[in-house]
Amino acid sequence: MAKESKQSIPEKIETILATDCGSTTTKAILIEKRGDEYRLVVRGEAPTTVETPFEDVTRGVLNSIREVEELTGKKILEGERVIKPTKSPKEGVDVYISTSSAGGGLQMMVAGVVLTMTGECAARAALGAGAIVMDVIASNDGRLPHQKIERIRHLRPDMILLSGGVDGGTISHVAELAELIHAADPKPRFGTTYRLPVIYAGNKDARKIILDTLKDASDLVVVENLRPTLEQENLGPARDKIHDLFMEHVMAHAPGYKKLMAWTDVPIMPTPGAVGLLIERIGKREEIDVLGVDIGGATTDIFSVFVDRITEEDHEERIFNRTVSANLGMSYSISNVLLEAGNENILRWIPYNVEITNLRNRIRNKMIRPTTIPASLQDLKMEHAVAREALRLALKQHKSMAVGLKGIQQERSIADAFSQTTSGNTLVDMMSLSLIVGSGGALSHSPRRSQAAMLLLDAFQPEGITRLAVDSIFMMPHLGVLTEVNEEAAQEVFEKDCLIPLGTAIAPKGQTKPGAKCLKITFEPEKGKAQELSVNFGEVLTLPLDTGKKAAVKLYPERGFDLGEGSGKSVEAEVTGGQVGLIIDCRGRPFTPPEDPQARIQALNRWAKAVQMYPA
């Protein structure tokens, strides 16, 4: 989404300063053009200062920039002003950009006529713009009018997105939703001197009624319909308007943001929106299906780009989706992970005997002391068990939202000619998935890269051949907003400094008895001797393949196992290496650890040893 810059951006950009104002930490990075390529120079960080006692986000921003100055010897600040443009190699920057999720980020409520149709369309629009969706209000959500009014009034969102009805369709239901919002008279979270922004993106025939109902009670903006026809979804105009209103209203009233907005060369972007923009461009630029995840202390965000449809010219059209699981995180929300997953699902990933009371106490201690890190290897293994479940549950929620349009009659075969087949099936296809990118403390900062690789494999269970990678120091938000200024710089830094390749995973889909034959492999690296080996069902092994190196593989799955070509069909492919290498995962799909406690502990330790996940 291209935005007009507030200030003139120089044609020649060689030095870029970017900050991300997180809920607890503000991170600054400096990027410079070295020769013919852009590279990360240094990273600085400081506590975020949006809350008391400072209540000025720029304090933390300046402190993080000062750390960059100290580490580089470059003068970037003149008092409390960023020096722009560059005056010399030792003074100033060409561009300054920023993202933010401080103060809780962008919190929205959405409303639609039908919960599973326009309600979901509105949620996808808000999520894709980087918002946390606090609730979805729908005409058929089962709540009484007074309950909906109380909910709207209680949540105090930053803005509301109202949709409903295809063009020419229902008017009365959309009007009822507008009446509920008017009756609730919700107050914005920040500030008392402005009215709550409401975006109407529904049936164009209802616009006059909506204007008459809400124009005096809110700051109403009308955009094109999210769902103009049953067969079409049009999220772009609503997403663009969400970004605009986020800056004009939410950020303008958050502590210190008006000052920060005057410093940046392009509008400040919500952190999740920036990460999503980067993932979206990877998938569409490389024409691959990609899945990204950011597991934080309070939320877990999942981003995906998958094929939505194939045109008559056999061109694959990919669609971007983002979901935020606001109650699945590794510190503030860690007890919610235990609640949603259940004791047994956490215990099944812990490779030692532990009492449930002990497990619960450790998890609750993490919740009340969110900044602590594991003090022992057992604590680390426990956190990894919780992380697997947070990731698994977040992906489950994502699959339910990343769907084709519901309510559409699709082409049917004779076999189901008498059934009313509709769309709404998930677009997430783990067999077609080419790349998984992980970020967040549990993945980016794991003591060993093999731990991040196994967390992704166990939680997401990719099928076939899939590359795995992690964000080295969590700079994806900075690079996401940088794509709006200089896509070449963002791409180069992402590939060379941000993305840490873990390796490639090969995982046949299917089931059989433990110890039975599963997969034969011919592994031929660019330099070195070819190897032939067999892997039995239930086993994991790694083959050395360094970062940047490639190898040719010939894969011969046993009957009943599929690597993308069908049951028992062989596959030839070129795979790329990483810090873990080539991972052969023959535990089957779907995969669950053994139910017997001792067998499970033995299996978990055997798999961990195969990838050198923990010290011997």
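Got the relative contact order for the chain handy, in percent, Cα pairs under 8 Å and 6 or more residues apart?
In percent, rounded to a whole number, it is 11.
Within 10 Å, count the other beta carbons around each residue, average over each peptide in 339-349, 371-381, 279-289, and list them highest first.
279-289, 339-349, 371-381
Can you tell which of Thr229, Ile209, Ile160 lies farthest toward the positive end of the dipole of the range 154-255, using +1 and -1 charges on the Cβ of basic and acidic side chains (Lys, Arg; Asp, Glu)?
Toward the positive end, the furthest listed residue is Ile160.
Listing Glu487, Glu11 from the residue with the fewest other Cβ atoms within 10 Å to the one with the most, what is the order? The partial results should precede the final answer.
Working: Glu487 13, Glu11 6.
So the residues, fewest neighbours to most, are Glu11, Glu487.
Treat the count of other C-beta atoms within 10 Å as a stand-in for reagent exposure and order Tyr614, Tyr200, Tyr194 from fewest to most. Walk me through the intermediate numbers first.
On the way: Tyr614 17, Tyr200 29, Tyr194 14.
Placing the least packed residue first, the sequence is Tyr194, Tyr614, Tyr200.
Out of Thr99, Ala28, Leu71, whose Cα points farthest toward the positive end of the dipole of the range 15-102 (charges: +1 Lys, Arg; -1 Asp, Glu; placed on Cβ)?
Looking along the dipole axis, the top candidate is Leu71.
Find out how many positive minus negative residues lie around Gly464, taking Lys and Arg as positive, Asp and Glu as negative, among other residues whose Cβ is under 15 Å from that of Gly464. Can you show the working numbers first?
Numbers: positive: Arg467, Lys509, Lys554, Lys569, Arg587, Arg589; negative: Asp289, Asp429, Glu463, Asp562, Glu565, Glu572, Glu574, Asp585.
It works out to a net charge of -2.
Pull out a ≥ b ≥ c, the square roots of the eigenvalues of the alpha-carbon gyration tensor of the chain, then state rounded if a/c is under 1.5, prolate if not and a/b is larger than b/c, and oblate in the remaining case.
Numbers: a/c = 1.59, a/b = 1.21, b/c = 1.31.
It is oblate, given that a/c is not under 1.5 and a/b is not larger than b/c.
When only C-alpha pairs under 8 Å and at least 6 residues apart count, what is the relative contact order of the range 15-102, in percent?
Working: 183 pairs, mean separation 28.3, N = 88.
Value for the range 15-102: 32 percent.
Cysteines without a disulfide-compatible partner in the chain, using Cβ under 4.7 Å as the rule?
Flagged as lacking a Cys partner: Cys21, Cys121, Cys498.
Let me know the charge dipole size of the range 272-360 about its Cα centre in debye, to the nearest 20, where only the beta-carbon of Lys, Arg (+1) and Asp, Glu (-1) is charged. Walk me through the numbers before you get to the answer.
Values: 8 positive and 15 negative charges, 112 e Å.
My answer is approximately 540 debye.
Can you tell me, using C-alpha contacts under 8 Å and at least 6 residues apart, the relative contact order of the range 61-211 as a whole percent?
Computed over the range 61-211, the figure is 19 percent.
Return the aspartates and glutamates within reach of Lys527: Cα separation strictly under 12 angstrom, same-chain partners fewer than 8 residues apart disregarded; answer none if there are no such residues.
Cross-link targets: Asp546.
Across the range 27-41, in residue order, what do the Karplus-derived ³J(HN,Hα) couplings come to in whole Hz, using 6.51 cos²θ - 1.76 cosθ + 1.60 with θ = phi - 60° and x for Gly and Pro?
Ordered by residue, 3J(HN,Hα) equals 10, 10, 10, 10, 10, 10, 7, 10, x, 9, 9, 8, 9, 5, 9 Hz.
If you plug each phi of the range 81-98 into the Karplus form 6.51 cos²θ - 1.76 cosθ + 1.60 with θ = phi - 60°, what whole-Hz ³J(HN,Hα) values come out, in order, with x for Gly and Pro?
Going residue by residue, I get 10, 6, 6, 9, x, 4, 8, 6, x, 10, 8, x, 9, 7, 9, 10, 9, 7 Hz, with x marking Gly and Pro.
Rounded to whole Å, give me the distance from the Cα center of the range 310-350 to that of the range 437-465.
Between the Cα centres of the range 310-350 and the range 437-465 lies a distance of 13 Å.
How big is the charge dipole of the chain about its Cα centre, in debye rounded to the nearest 20, if each Lys and Arg gets +1 on its Cβ and each Asp and Glu gets -1 on its Cβ?
It works out to roughly 1660 debye.
In the chain, which helices (entire DSSP H runs) extend 15 Å or more along their own long axis, judged by Cα positions, while averaging at least -1.0 on the Kyte-Doolittle scale?
The answer, listed by residue number, is 57-72, 172-184, 271-286, 356-368, 377-401, 449-460, 597-610.
Treat the count of other C-beta atoms within 10 Å as a stand-in for reagent exposure and order Met401, Met382, Met454 from fewest to most.
Lowest count first: Met401, Met382, Met454.
List the aspartates and glutamates whose Cα lies under 15 Å from the Cα of Lys74, skipping any in the same chain that are fewer than 8 positions away.
Candidates past the 8-residue exclusion: Glu14, Glu32, Glu91, Asp94.
Only helical DSSP H runs with n ≥ 4 go in: add -39500 (n - 2.57) per run for the chain, normalise by residue count and round the 222 nm mean residue ellipticity to 500 deg cm²/dmol.
That calculation yields -9000 deg cm²/dmol at 222 nm.
To the nearest Å, what is the center-to-center distance of the range 540-571 and the range 172-217, using C-alpha atoms only?
Each part reduced to its Cα centre gives a spacing of 55 Å.
State the answer as a single residue: which of Val571, Ile346, Tyr38 lies farthest towards the positive end of the charge dipole of the chain, with beta carbon charges of +1 for Lys and Arg and -1 for Asp and Glu, about the Cα centre.
Ranked along the dipole, the leading option is Ile346.
Cut-off under 20 Å on the C-alpha distance; same-chain residues fewer than 8 positions from Lys529 excluded. Which lysines are left, in chain and number order?
Reachable lysines: Lys520, Lys549, Lys550, Lys554.
For a protection proxy built on the mean count of beta-carbon atoms within 10 angstrom, sort 131-143, 240-252, 34-46 highest first, please. Intermediate values should be presented prior to the final figure.
Values: 131-143: 19.0, 240-252: 21.0, 34-46: 15.8.
For the peptides 131-143, 240-252, 34-46, the packing ranking is 240-252, 131-143, 34-46.
On a 20 Å Cα-Cα criterion, which of the cross-link pairs Lys284/Lys396; Lys396/Lys496; Lys33/Lys87 come out too long? Write down the numbers at each step before the final one.
Details: Lys284/Lys396 23 Å; Lys396/Lys496 31 Å; Lys33/Lys87 15 Å.
The answer is Lys284/Lys396; Lys396/Lys496.
Give the peptides 166-172, 388-394, 21-27 in descending order of average Cβ contacts within 10 Å, highest first.
388-394, 21-27, 166-172
Every number in this text was worked out from the coordinates using simple rules, so none of it is lab data. Because the structure is predicted, anything quoted here is derived from the model rather than measured. Ideal geometry is used to build each Cβ from the backbone, glycine not excepted, and the neighbour counts take in all protein chains shown.
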